[in-house]
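What follows draws every value from the coordinates through simple rules; no lab data is involved. Since we're looking at a predicted model, the values are computed, not measured. Every residue, glycine as well, gets a Cβ built from its backbone with ideal geometry; the counts of neighbours run over all protein chains shown.
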Amino acid sequence: MNWVVTTTSSGETETFGRFFAQALRGGDWVLLQGDLGAGKTTFVRGVTAALGGCGVKSPSFSLVNQYEGELSVAHADLYRLDKADARDLGLDEYEDDGWVVMVEWPERLLYDHQGSGFRVLFRRLSEDGGDDPLNARTICVEPLNDESEERLVLHDVACWENVE
Ligand SMILES: Nc1ncnc2c1ncn2[C@@H]1O[C@H](COP(=O)(O)OP(=O)(O)O)[C@@H](O)[C@H]1O
Ligand SMILES: [Mg+2]
């Protein structure tokens with residue numbers, strides 16, 4: 001089952017990231033898909049803020065940024081790579097060490113993650129898609145396995161709008 005929310009500002013996407021973070025556990029992968037400017041890094045900022053990390057910048061140049069918090073996050077952006085081997089980047093080691101591994105442009109990965117986590121798809125609404133078309137984004141969260149889905153249900157991410 002997938003959960004879809006719509007945000008109308010970067011602040012709201014960050015808030016959703018903070019709420020979503022409650023469903024995360026060490027060893028999860030979060031695969032962030034969507035065009036440039038769709039809101040992936042903004043979402044990561046919200047997630048890490050909730051987990052005690054801070055100072056999120058796009059890791060396009062460094063490839064992997066680390067945010068240490070209650071639950072630590074490794075944040076990779078593979079946009080500049082043709083193909084990336086997850087093992088070369090050490091992403092599997094972060095997973096083994098109990099970090100959350102968040103990856104922008106996971107399509108570039110030569111690695112098929114089989115464990116827990118979520119795919120999160122970001123999409124800009126079309127120009128005529130709403131009252132505030134330039135800022136509206138739909139965010140679709142898709143659990144990667146049954147256990148992750150149960151956690152999402154437990155934290156009731158579907159009802160996040162009621163929590164603010
Ligand atoms: N609803 C929204 N959610 C996220 N970002 C938004 C939204 N509306 C406008 N923005 C703007 O879009 C840009 C998203 O950038 P970023 O998060 O770096 O995207 P990505 O990492 O997907 O390339 C930022 O400039 C942000 O201020
Ligand atoms: Mg980005």
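Listed values, structure above:
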{"read-out": "Euclidean distance between Cα centres, segment 72-102 to segment 14-35, Å", "value": "14"}
{"read-out": "Sequence of K57, K40, K83 once ranked by neighbouring C-beta atoms within 10 Å, starting from the fewest", "value": "K83, K57, K40"}
{"read-out": "Over the chain: helical MRE at 222 nm, DSSP H runs n ≥ 4 each giving -39500 (n - 2.57), nearest 500", "value": "-6500 deg cm²/dmol"}
{"read-out": "Cβ charges +1 (Lys, Arg) and -1 (Asp, Glu), total dipole of segment 1-128, debye", "value": "320"}
{"read-out": "Dimensionless Rg ratio for segment 3-138, taking C-alpha atoms and the 2.2 N^0.38 Å reference", "value": "1.01"}
{"read-out": "DSSP-defined antiparallel bridges as percent of all bridges, the chain, nearest 5", "value": "50"}
{"read-out": "The chain, relative contact order [Cα under 8 Å, separation at least 6], %", "value": "31"}
{"read-out": "Long-range HN-HN contacts of W29 with modeled amide H, under 5 Å", "value": "V101, S116, G117, F118"}
{"read-out": "Interchain or long-range residues, amide H under 5 Å from L109's placed H", "value": "A84"}
{"read-out": "Nitroxide proxy distance, nm - points 7 Å out along Cα→Cβ at D156 and D35", "value": "3.6"}
{"read-out": "Per-residue HN-Hα couplings for segment 34-39 [Karplus 6.51, -1.76, 1.60; θ = phi - 60°; Hz; x = Gly/Pro]", "value": "x, 5, 4, x, 6, x"}
{"read-out": "Electrostatic dipole magnitude of segment 68-118 [Cβ: Lys, Arg +1; Asp, Glu -1; Cα centre; debye, to 20]", "value": "220"}
